[in-house]
Structure formats: C-alpha cells, structure tokens
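Here the structure is laid out as structure tokens; the discussion comes afterwards.
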C-alpha cells in the first residue's frame with residue numbers, strides 16, 4: 001500500500017510538472033491540457049517500459065544467482 | 001528595465017501566476033497560481049504535517065521552496081520552528097509518514113515557479129503580450 005501511495009504521488013507531481021510547463025508556453029486551456037496529457041503519458045509509458053526491461057533483466061541474470 | 005517589468009517579475013515570484021495575470025494572460029495566470037499554490041500547500045499541510053518548510057532544519061530544501069515566494073516565507077514563519085530544540089542532532093521517530101513527499105512537493109512547486117518567472121523575464125513574452133494587446137500599460141523590459 002505504501003509503494004502504491006508513493007507511485008500515485010509521483011505520478012501526480014509528474015502531471016503537475018507537465019501541466020505547468022505546458023501552461024508556460026501555450027495560449028489556450030485546451031492546448032495546455034492536450035500537451036500536458038501527451039507529455040505525461042509519453043513519459044509514464046516510457047518509464048513503465050524501462051521498468052519492465054529492468055525487471056526482465058533481473059529475472060534473467062540476477063535471480064539465478066540467488 | 002521599466003518599473004512595470006520589475007514589478008511584474010517580482011510579483012510573479014511572490015505569488016505564482018500573478019505575473020501572467022498582469023500581462024493579460026488571465027486563464028494561464030489562474031491555472032498556474034492554483035496549480036503551484038495548491039501543490040505547495042498540499043505538500044506542506046497535508047503530506048508533511050506542516051514540517052516540510054523549515055529554514056533551520058533543512059536550509060537547502062528551503063532554498064528550493066523559496067521559489068514559491070510569500071508562501072514559503074509564511075510557512076517558515078508560522079510552522080518552521082523545529083519540533084524539538086535539538087532536532088538537528090537527534091533523529092525524530094514520530095515524523096509524519098509522508099514528510100519526504102511533502103518536502104518534494106514544496107520543492108518542485110518552487111522550482112516550477114522559477115520556470116514561470118524565467119518566462120516573465122523573457123522579452124519575447126512581453127512582445128507577444130503587447131502584440132496581442134493584452135498587457136495593461138504594455139511597457140516591457142525595454
């Protein structure tokens with residue numbers, strides 16, 4: 001539960017960062033939200049994919065040694 | 001550097017979103033203000049139990065949190081006293097559960113407001129605002 005809470009708060013701060021960066025550049029609310037969501041999901045998907053790769057590598061190379 | 005330019009930049013630091021509001025970007029100013037102030041006070045009051053902002057205990061994080069302007073100094077003045085006299089030497093065992101997240105939220109909102117202030121410092125922002133006929137008075141950096 002604590003890990004899930006931490007992940008949720010990190011996702012929240014990531015979205016806030018994307019939102020503020022978009023609001024700094026773009027003129028309309030619709031563009032800001034679209035850009036922020038696009039950036040946020042791109043980063044989240046990328047990080048999740050990276051985690052999957054690390055997890056698979058751990059199972060291949062580290063677990064057999066334990 | 002005109003007085004209006006300096007005043008806008010300083011007010012934009014002191015209260016997030018006000019700089020954009022003065023330039024005529026009302027919606028963006030309101031959004032930035034609500035987001036940054038909401039993030040800061042969420043971190044300070046909800047997550048960290050009013051222990052996230054304290055110059056005396058963690059001055060480096062306070063340097064980052066100072067980007068929020070008045071909110072950081074107000075939080076430090078109101079809640080920034082160490083909980084115990086020797087907090088800098090003795091490890092406290094009854095800290096709020098999400099103290100680290102609270103400090104993170106306050107620091108990130110401070111850094112993001114610095115990003116907003118950098119955009120206010122950019123003459124191109126003023127030219128764009130003047131071109132759209134937004135800024136009241138319209139006198140930018142030069």
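Values quoted throughout were computed directly from the atomic coordinates according to the rules given, and no laboratory measurement underlies them. Worth saying up front: this structure is predicted, and the values here are computed from it rather than measured. Note that each Cβ is placed from the backbone with ideal geometry, even for glycine, and that neighbours are counted across all protein chains shown.
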Handout entry: Cα coordinate range in the range A:2-65, projected on the principal axes (Å, largest first)
Key = 55, 23, 13
Practice task
Please work out the FRET efficiency for the pair residue B:99 and residue B:130, using the Cβ-Cβ distance as r and a Förster radius of 35 Å; give the result to the nearest 0.05.
Solution key: 0.20
Problem - chain B, relative contact order in percent, only Cα pairs under 8 angstrom and at least six apart counted - result: 35 percent
Exercise for the section: Using a 10 Å cut-off on Cβ to Cβ distances, tally the other chain neighbours for every residue of B:60-70 and report the average as a whole number. Expected result: 0
Fill in the blank from the handout: Helix-only [θ] at 222 nm, the protein assembly as shown, -39500 (n - 2.57) per DSSP H run of 4+, per residue, nearest 500, equals -21500 deg cm²/dmol
Practice task
Per residue of A:9-17, count partner chain C-beta atoms within 10 Å of its C-beta, then hand back the mean as an integer.
Solution key: 5
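Suppose a student asked you for the relative contact order of the range A:2-65, using Cα pairs under 8 Å spaced at least 6 residues apart; what percent would you report?
Numbers: 22 pairs, mean separation 16.8, N = 64.
Here the relative contact order equals 26 percent.
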Handout entry: Peptide A:27-39, shielding by other chains (average Cβ, 10 Å cutoff)
Key = 1
Practice task
Return one number: the angle in degrees, 0 to 90 and rounded to the nearest 10, between the long axis of the Cα atoms of helix B:26-41 and the longest principal axis of the Cα atoms of chain B.
Solution key: 10 degrees
Problem - Extension reserve of the residue B:50-residue B:77 stretch, reckoned as 0.36 nm per residue once the Cα distance is removed - result: 8.6 nm
Problem - Gyration tensor (alpha-carbon) shape descriptor, the protein assembly as shown, a/c threshold 1.5 - result: oblate
Exercise for the section: Starting from the Cα coordinates of chain B, work out the convex hull volume and express it per residue in Å³. Expected result: 95 Å³
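Would you mind putting A:31-39, B:100-108 in packing order, based on average other-beta-carbon counts within 10 Å, highest first? Numbers along the way, then the final one.
Working: A:31-39: 16.0, B:100-108: 23.2.
Going from most to least packed, we get B:100-108, A:31-39.
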